[in-house]
Amino acid sequence: MGDVWSLVHAERAALIDDLEHTEDHRWELPSLCQGWTVHDVVAHLVNTALTTRLGFVVGLARAGFDFHRQNARGVERERRAAPRETLEQLRRVSSRTTTPPAPLDSRLVEEVVHGEDVRRPLGIVRPYPQEVVVRALRLQTRTSASFGGAKELVGRVRLTATDADLSIGDGPEVTGAALSLLLAVTGRRVALDDLAGPGVEAMAPAT
């Protein structure tokens, strides 16, 4: 458990460093997360860092068990008027170890995928630790689509990382960097351009 949190905290710190000198107007760029700006995604990361297991359940009930509505409310609650203020909020919560009711490795999925949602539009490249990306990808591919995962997807394609000892699934092969595979199975269509193999076409409708 402890090693997961040390990895999560390192990712939060890295994102804070990357955003430290980003001009305010660029925070309004569309992120890779559909419908959200860079600023929205950072506010979401603040919200998830603050979320407890009980708080998640209560919040979901108040949102009529609509997960997207719950997320939108969290963004609205934590987004400050100025990007600097939202970034400072992220800094204040960066060492927290609270989590929604989900496997702890889901925190790695959250930090890496949303980190890329922010970094790619801003032209920022991060060399993520391989362990972090691989653990995130493994969890994502054993989580049902009903919970935001890609378990069903890897029942029809085989994902093979070109930069890690990792091959998951059964079907036509899809090859690429582990980070690109992770982004693709979390619905970031831009990552499909980084992938190769006969299974890529089969992945497109699922993202």
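The values are calculated or read from the model by the stated rules, or taken from the named source; none is laboratory data. Owing to the predicted nature of the structure, the values given are computational and were not obtained by experimental measurement. Neighbour counts run over all protein chains shown; Cβ positions are idealised from the backbone, glycine included.
Checking the conditions here, which among ASP117, ASP105, ASP66 is closer than 30 Å to GLY155 by Cβ, among the acidic types (Asp, Glu) and out of contact with any helix residue (DSSP H, G or I) (no Cβ under 6 Å at 6 or more places or on another chain)? ASP66 is the lone residue from the list that is closer than 30 Å to GLY155 by Cβ, among the acidic types (Asp, Glu) and out of contact with any helix residue (DSSP H, G or I) (no Cβ under 6 Å at 6 or more places or on another chain).
Just one of ASP3, ASP17, ASP24, ASP40 is among the charged types (D, E, K, R) and closer than 22 Å to THR143 by Cβ; which is it? Can you show your working first?
Details: ASP17 fails: closer than 22 Å to THR143 by Cβ; ASP24 fails: closer than 22 Å to THR143 by Cβ; ASP40 fails: closer than 22 Å to THR143 by Cβ.
One residue alone meets the criteria, ASP3.
Taking into account only those residues within the range 188-207 that are touching a helix residue (DSSP H, G or I) at 6+ places or on another chain (Cβ under 8 Å) and part of a loop (DSSP other than H, G, I, E, B), which is modelled with the lowest pLDDT?
Filtering the range 188-207 for residues touching a helix residue (DSSP H, G or I) at 6+ places or on another chain (Cβ under 8 Å) gives 188-192, 194-195, 200, 203-204, 206-207.
Checking which are part of a loop (DSSP other than H, G, I, E, B) leaves us with 188, 195, 207.
Numbers: ARG188: 93, LEU195: 97, THR207: 38.
In this case the residue turns out to be THR207.
Taking ASP40 as the residue in question, decide whether it is in contact with a helix residue (DSSP H, G or I) (Cβ under 7 Å, 6 or more places away or on another chain), free of Cβ contacts under 8 Å to residues at least 60 places away in the same chain, closer than 30 Å to SER146 by Cβ and surrounded by 14 or more Cβ atoms within 10 Å (Cβ to Cβ).
Numbers: in contact with a helix residue (DSSP H, G or I) (Cβ under 7 Å, 6 or more places away or on another chain): yes; free of Cβ contacts under 8 Å to residues at least 60 places away in the same chain: yes; closer than 30 Å to SER146 by Cβ: yes; surrounded by 14 or more Cβ atoms within 10 Å (Cβ to Cβ): yes.
Yes; evaluated as a whole, the condition is true for this residue.
Find the residue count for the range 176-202, including only residues that are touching a strand residue (DSSP E or B) at 6+ places or on another chain (Cβ under 6 Å) and either over 15 Å from THR141 (Cα atoms) or not assigned by TED's automatic domain parsing to the domain that holds ALA136 (or both). Show your work before the answer.
The first filter runs over the range 176-202 and keeps only residues touching a strand residue (DSSP E or B) at 6+ places or on another chain (Cβ under 6 Å), leaving 178, 181, 194-197, 199-200.
Checking which are either over 15 Å from THR141 (Cα atoms) or not assigned by TED's automatic domain parsing to the domain that holds ALA136 (or both) leaves us with 194-197, 199-200.
Count: 6.
In the range 62-77, the residues that are buried (at least 16 other Cβ atoms within 10 Å of the Cβ) form Cβ pairs under 6 Å with partners that are at pLDDT 85 or above, at six or more places apart or across chains, as follows: ALA63/ARG69; GLY74/ASN47; VAL75/ASP40; VAL75/ALA43; VAL75/HIS44.
Scan the range 150-160 for residues that are at pLDDT below 95 and outside any loop (DSSP other than H, G, I, E, B) and report the count. Total satisfying the criteria: 3. In the range 145-197, the qualifying residues are those that are among the charged types (D, E, K, R) and closer than 26 Å to PRO30 by Cβ, and the one that is surrounded by the fewest Cβ atoms within 10 Å (Cβ to Cβ) is ASP193.
Of VAL46, VAL8, all but one fail to be closer than 19 Å to GLN130 by Cα and buried (at least 18 other Cβ atoms within 10 Å of the Cβ); the exception is VAL8.
Checked against (1) outside any helix (DSSP H, G or I); (2) out of contact with any helix residue (DSSP H, G or I) (no Cβ under 7 Å at 6 or more places or on another chain), ASP163 passes all but condition (2).
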